[in-house]
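Enquirer: Below are the structure tokens for one structure; questions will follow.
Values in this text are rule-based calculations from the coordinates and carry no lab data. Note that this is a predicted model, so its numbers are computed, not measured. Every residue, glycine as well, gets a Cβ built from its backbone with ideal geometry; the counts of neighbours run over all protein chains shown.
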Amino acid sequence: MKRATTTLKTIRKFYKDNKRVDKNYKGQEVILEGTIDFRDGTKESTLNYFDSLLDKGEIDTAFNSEVESITKTGDEFQIVTSKAGYIAKYVIVAIGTMGKPNKPDYTLPISLKERINFNLDKCSQNEKILLVGGGNSAVEYALELSKTNNITLNYRKESFSRLNDINLKMIQEYNGQEKLRLRLGMDIVSIENENGMPKVHFTDGYDTVYDRVIYAIGGTTPIDFLKKMWHYLQ
């Protein structure tokens with residue numbers, strides 16, 4: 001939960017306007033069993049709906065709070081967080097993998113820690129940015145940031161294979177209109193510090209200096225945390 005506030009800010013700032021949010025996707029029908037009436041919509045309508053639930057007190061939240069342990073006694077779960085304790089009949093673990101982002105095999109200069117990022121928190125406008133990754137998050141970051149920045153998207157494979165239909169169409173259109181540049185089919189060999197900026201060396205022999213490098217290459221499942229609860233998840 002400690003990332004909830006940052007996540008909402010990221011969605012509002014960096015998700016493209018009117019981005020679709022679908023209840024059902026590619027034939028997978030979702031049957032709701034609860035009080036939240038989630039429907040098809042857009043970025044704006046979905047965020048507004050959840051804001052209204054918060055304002056009306058229909059859902060409770062605990063921002064900036066981290067789950068420390070989950071145990072079970074009888075039919076009830078005891079959840080201990082860094083700020084409070086809770087009792088629940090059911091617990092849903094929906095923490096994703098971005099809490100511990102993947103990092104490349106090559107060494108990243110410690111002196112560039114402010115310039116090499118794994119999220120968009122430190123981005124500003126009018127920067128020359130290299131985005132690394134080939135998934136939906138990487139492409140969505142690139143599309144939105146290209147409105148106010150000089151963006152290059154690097155993916156080690158020759159073509160995208162994991163994108164949804166909308167993102168694939170948009171990245172092809174943006175590349176064709178030269179709103180951003182794609183560097184496909186090549187990887188990064190190394191990054192060095194050149195006058196306080198990341199200088200990136202690619203496998204094709206090309207190198208250039210960027211204001212910022214952002215990695216969007218997935219994350220690692222929190223194995224240790226899940227192991228502690230494994231016997232409760234059977």
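Enquirer: Could you work out the helix-only [θ] at 222 nm for the chain, with each DSSP H run of four or more residues adding -39,500 (n - 2.57) and the total divided by the number of residues, to the nearest 500 deg cm²/dmol?
Expert: Roughly -7000 deg cm²/dmol at 222 nm, from the helical runs in the chain.
Enquirer: In sequence order, what are the phi-derived ³J(HN,Hα) couplings for region 190-195 according to the Karplus relation 6.51 cos²θ - 1.76 cosθ + 1.60 with θ = phi - 60°, rounded to whole Hz, with x for glycine and proline?
Expert: Computed from phi, the couplings for region 190-195 are 6, 10, 10, 8, 10, 6 Hz.
Enquirer: Would you grab the residues whose amide H sits under 5 Å from the one on residue 21? Only those 5+ places off in sequence or on another chain, please, with H modelled 1.01 Å from N.
Expert: Amide H to amide H, under 5 Å and 5 or more residues apart or across chains, residue 21 pairs with 41, 42, 43.
Enquirer: Give the aspartates and glutamates reachable from residue 43 as a straight Cα distance under 14 Å; neighbours fewer than 8 places away on the same chain don't count.
Expert: Straight-distance partners of residue 43: 17, 22, 51, 140, 144.
Enquirer: Do any of 56/228; 100/227; 56/169 go past 27 Å between their Cα atoms, and which?
Expert: Beyond 27 Å between Cα atoms: 56/228; 56/169.
Enquirer: Work out, step by step, the length gained on full extension between residue 36 and residue 184: first 0.36 nm times the residue separation, then minus their alpha carbon distance; give nm to one decimal.
Expert: 49.1 nm
Enquirer: Once you have the alpha carbon radius of gyration of the chain, what is it after dividing by 2.2 N^0.38 Å, with N set to its residue count?
Expert: Dividing the Cα radius of gyration by 2.2 N^0.38 Å gives 1.17.
Enquirer: Pop a pseudo-label 7 angstrom from the Cα along the beta-carbon direction at both residue 83 and residue 17 and give the gap in nm to one decimal.
Expert: Label-label distance for residue 83 and residue 17, simple model: 3.3 nm.
Enquirer: Another question about this same structure. Hey, rough spin-label estimate for residue 60 and residue 108, points 7 angstrom out along Cα→Cβ, what's it come to in nanometres?
Expert: 3.7
Enquirer: Mind listing the phi-derived Karplus ³J(HN,Hα) values for region 85-92, rounded to whole Hz, using 6.51, -1.76 and 1.60 with θ = phi - 60°, and x for any glycine or proline?
Expert: For region 85-92, the Karplus curve yields x, 9, 10, 9, 7, 10, 10, 10 Hz.
Enquirer: Could you order peptides 202-211, 131-140 by the average number of other Cβ atoms within 10 Å of their residues, highest first?
Expert: 131-140, 202-211
Enquirer: Distance between the C-alpha centers of region 136-215 and region 55-88? Whole Å please.
Expert: 40
Enquirer: Taking the Cα of residue 161, stepping 7 Å toward and past its beta carbon, and measuring to each backbone N in region 123-139: which are under 13 Å?
Expert: 134-135
Enquirer: Report the extension gain between residue 124 and residue 44 in nm, rounded to one decimal, defined as 0.36 nm multiplied by the number of residues separating them, less their alpha carbon distance.
Expert: 26.6 nm
Enquirer: If I fit a long axis through the Cα atoms of helix 136-145 and take the longest principal axis of the Cα atoms of the chain, what angle between them do I get, 0 to 90°, rounded to 10?
Expert: The answer is roughly 60 degrees.
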